[in-house]
Amino acid sequence: MISLDKCLKLLDDGFSLLTVGENKQPNYSWKKTQSTPLTKEAFSKQYNYTGGYIKKDGAEMAATKNVGIVTGYDFLEVVDVDLKVFSTAKEQKEFWDEYLDFLEDNILDFKEKFVIYKTKNNGYHILYKSKRIQGNTKIAALEGHKEAVLESRGIGGYVFLYD
């Protein structure tokens, strides 16, 4: 999990963050963070949450296991590149290299406008800001596969943060 200090720096930099449990779901009601980030104090409390609170439906709130960045807030959008849909590492590398070359060739100053980080499942998150942001959208899927290789995460979404 990304360190608390790095999370607090991201909050200072104007991002909205949330915490998630083992089930990859936010471990608190996070709707407000889509328009207003948690304060550093409130985020620190969520970050250090160890579980045990019982919700109205009888379910126990999960302890914090990871951190996500809220997309849609302050025009942040992310392209989630999910390479695990390819059968081999060679196919993954070939797709990624070709896709990245395409982006760099067709978007002026791509490297200055976009941030890319690797996910734990050999995928990538491409972060950028856009005034035309929408909700989460499946962009491209391989024929015969259920999962998309490219999805956007926009209004109402989030992606995990990785160190």
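What follows draws every value from the coordinates through simple rules; no lab data is involved. Predicted model only: the values in this text are computed from it and were never measured. Virtual Cβ from ideal backbone geometry, glycine too; neighbours counted across all protein chains shown.
3J(HN,Hα) along region 128-143: 7, 10, 8, 7, 9, 5, 10, x, 5, 9, 6, 9, 8, 10, 7, 4 Hz, from the Karplus curve 6.51 cos²θ - 1.76 cosθ + 1.60 with θ = phi - 60°, whole Hz, x for Gly and Pro. Structural size metrics of the chain, computed from C-alpha coordinates, are Rg and Dmax of 16.9, 53 Å.
Across the options LEU161, VAL149, GLY21, the greatest Cα extent toward the positive end of the charge dipole of the chain (unit charges at beta carbon of Lys, Arg, Asp, Glu) belongs to GLY21.
Which value, in Å³ per residue, describes the convex hull spanned by the Cα atoms of region 22-111? Mind showing how you got there, number by number?
Values: hull volume 14.3 nm³, N = 90.
So the per-residue hull volume is 159 Å³.
Would you compute, from DSSP H runs of 4+ residues alone, the mean residue ellipticity of the chain at 222 nm, taking -39500 (n - 2.57) per run and dividing by the full residue count, rounded to the nearest 500? The per-residue figure over the chain is -7000 deg cm²/dmol. About its Cα centre, region 1-62 has a charge dipole of approximately 160 debye under the convention of +1 per Lys or Arg Cβ and -1 per Asp or Glu Cβ, with nothing else charged. The residues packed around LEU142, meaning those with a beta-carbon under 11 Å from its beta-carbon, carry a net charge of -3 if Lys and Arg are +1 and Asp and Glu are -1.
Backbone geometry of region 22-31 corresponds, through the Karplus equation with coefficients 6.51, -1.76 and 1.60 at θ = phi - 60°, to 3J(HN,Hα) couplings of 4, 7, 6, 10, x, 9, 7, 6, 10, 3 Hz, x marking Gly and Pro.
For THR71, the residues whose amide H sits under 5 Å from its own are GLY157, TYR158, VAL159, ignoring neighbours fewer than 5 places away on the same chain, with H placed 1.01 Å from N.
Computed extension length for GLU41-ASP5: 11.7 nm, one decimal, from 0.36 nm per residue of separation with the Cα-Cα distance subtracted.
Rounded to whole numbers, the Karplus 3J(HN,Hα) couplings from phi for region 98-104 are 5, 5, 5, 4, 4, 4, 5 Hz, using 6.51 cos²θ - 1.76 cosθ + 1.60 with θ = phi - 60°, and x at Gly and Pro. Taking amide H as placed 1.01 Å from N in the peptide plane, ALA141 has its amide H under 5 Å from the amide H of VAL149, each at least 5 places away in sequence or on another chain.
Look at the alpha carbon pairs under 8 Å that are at least 6 residues apart: their mean separation over the length of the chain gives a relative contact order of 26 percent.
Charges were assigned to the Cβ only: +1 to each Lys and Arg, -1 to each Asp and Glu. The resulting dipole of the chain about its Cα centre is roughly 760 debye.
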